[in-house]
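Written below as structure tokens is the structure these notes are about.
Only the coordinates and a few stated rules stand behind these numbers; no lab work does. Please read these numbers as outputs of a predicted model, since none were measured by experiment. Every residue, glycine among them, receives a Cβ derived from its backbone with ideal geometry; neighbour counts consider all protein chains shown.
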Amino acid sequence: MKDQSAGKPRYRHLAETLIERVERGVYPVGSSLPSEQELCSEFGVSRFTIREALRLLSSRRYLRRRQGSGSEVISADPRGGYHLGVRSLSELFGYGADTRLTLENIRIVEADAELAAFLGRPPGRSWLISEGVRRARDGDPINFSRIYLHEDYLAAAPDLPGLSAPVHRMLEARYGANIVEVTRKIAAEPFPADAGAALGAAPGAMAIRVTGRYLDDADRPLIVSIDWHPAERFTYFMRFKRDDAEES
């Protein structure tokens, strides 16, 4: 049904209203929108109209729709960037099914003192390195990644090209890796030349660098990853719930 006075489909008017609410913080990033039934009741429209409006917000990257759990607000200002929302440790392990990392330039290196200090392991050890560009579902580049795998997993080199699952999942399933903890460190720095060139960044452009460490039960890094994102196009939102009782 169309709103004849404005010449727009009704779902577009509804989408504009919801976008305005997201941008004003009525529905903050990390929160869930009201259910389809609640929106139908509030706006007096059909479920089809609600779904078309939500589809529009999702395509513009305001929302992430989850089967059976409603619509989560992931950005109040998408502007074509990538917005990573993290609410649990399971989500912290990866970027999700809506992205794809293509790994190339795979080689084995021996860690010198500087690299070993960064990786947190003794020098002289071998590491499997791979690099590539992560892209969104629509093909837009998100970041340049460099991934280091511990010497126990050098045999994984043939598995990396064309890999669809996250690297850590592959190591767990095929090689028995036991990853029990993951850390993330976020910092700003100028793009390295290779990362900037892969993403088409201007010389001297700033990047958001996200360093991930995937640790075993002895606190040893099995995977170390570095992701460089264009600084103006990336936000990282985290929201965790307490799992302990409030102290009196």
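The protection proxy used here, the mean number of other Cβ atoms lying within 10 Å of each residue, ranks peptides 179-187, 217-225 as follows, highest first: 217-225, 179-187. Placing a label point 7 Å from the Cα of residue 113 along the Cα-to-Cβ direction, the residues of segment 124-157 whose backbone N falls under 16 Å from that point are 124-125. Working from label points 7 Å from Cα in the Cα-to-Cβ sense, the residue 23 to residue 42 distance is 1.7 nm. Convex hull volume of the C-alpha atoms in segment 82-238, normalised per residue: 113 Å³.
Shown here is the pair-distance distribution of segment 126-201: with all Cα-Cα distances grouped in 5 Å bins from zero up to the longest one, the shares run 3, 11, 21, 22, 19, 16, 7, 1 percent.
In plain terms, the residue of 147, 226, 108 with the fewest other Cβ atoms within 10 Å comes first and the most crowded comes last, giving 108, 226, 147.
In this entry, segment 117-160 is assigned a mean projected area of 4.0 nm², taken as a quarter of its C-alpha convex hull surface.
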